[in-house]
1. So residue 84 ticks every box in (1) under 26 Å from residue 172 (Cα atoms); (2) assigned to a helix (DSSP H, G or I) but one. Which box is left unticked?
2. Determine which member of the set 100, 79 is farther than 19 Å from residue 183 by Cα and either in contact with a strand residue (DSSP E or B) (Cβ under 9 Å, 6 or more places away or on another chain) or in the same structural domain as residue 157 (by TED's automatic domain parsing) (or both).
3. Hey, can you tell me all the residues within the stretch 138-148 that are out of contact with any helix residue (DSSP H, G or I) (no Cβ under 9 Å at 6 or more places or on another chain) and either assigned to a strand (DSSP E or B) or buried (at least 18 other Cβ atoms within 10 Å of the Cβ) (or both)?
4. Run residue 181 past the list (1) assigned to a helix (DSSP H, G or I); (2) over 30 Å from residue 74 (Cα atoms) and report the number of the one that doesn't hold.
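The values are calculated or read from the model by the stated rules, or taken from the named source; none is laboratory data. Everything numeric in this text was worked out from a predicted model, so none of it was measured. So basically every Cβ, Gly included, is an ideal-geometry build from the backbone, and we count neighbours across all protein chains shown.
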């Protein structure tokens with residue numbers, strides 16, 4: 001299947017992995033639904049009942065509320081950063097209420113800001129440390145933190161023990177992040193074997209338990225990364241024709257013009273593909289001439305259409 005007149009955005013992650021999105025500027029489907037892609041990240045769909053938004057990675061439909069649109073943008077911004085960074089440690093921090101400041105509960109949103117500020121302050125003893133944090137709101141009302149770290153001095157991450165015995169979980173050795181263990185509560189970390197896999201795993205917690213809303217009002221992020229964790233580099237190309245027969249085509253269910261039931265709509269004009277950057281792979285995608293450029297970050301290729 002050939003698609004014509006496309007924009008193709010290539011986002012470059014670590015380990016030569018890429019995310020490629022092909023999309024048209026504007027399309028009207030046979031069912032009367034109209035859509036417009038927003039920078040190849042999510043799609044705005046219009047039907048007789050109004051606008052809705054579609055996550056182009058999952059096909060999930062979001063209502064047209066500012067909070068849910070913000071959740072889509074937030075998740076893509078987070079993944080763009082964590083998938084482009086190499087991580088050493090993944091783990092969790094569970095708060096001990098007795099270690100929090102007086103009057104602060106591990107169930108209050110204020111503890112989230114407290115933990116993030118505490119992590120930022122660690123740069124004094126670990127200046128090369130980079131981190132990504134996603135809070136999770138448990139059913140009992142308490143907050144729990146999923147953390148990725150790199151550049152942490154080895155002296156700050158110590159083997160977890162029960163008595164004199166080393167602790168393992170699912171075949172992996174467990175470690176304690178000693179500064180957080182002392183100041184915040186219980187910690188459990190393991191060595192990262194795939195930064196891509198653990199980054200995607202972290203992404204699922206972004207809206208879990210918050211209903212798409214921010215944690216404590218406008219301006220408070222659902223996640224936080226340190227300054228050195230930058231967005232993935234990307235390139236955008238105009239492509240006259242593209243074979244998308246093996247790509248994931250984004251579909252959406254939008255309200256029909258004359259019925260009360262939802263009608264599946266295909267052909268929204270957005271296709272997504274993940275892969276590893278090789279010259280042949282890119283030729284298969286957009287038929288470019290791909291040339292290695294030593295000055296670019298590792299795993300990146302310069303494209304000439």
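1. (2)
2. The conditions single out 79.
3. 144
4. In the conditions (1) assigned to a helix (DSSP H, G or I); (2) over 30 Å from residue 74 (Cα atoms), residue 181 misses (2) alone.
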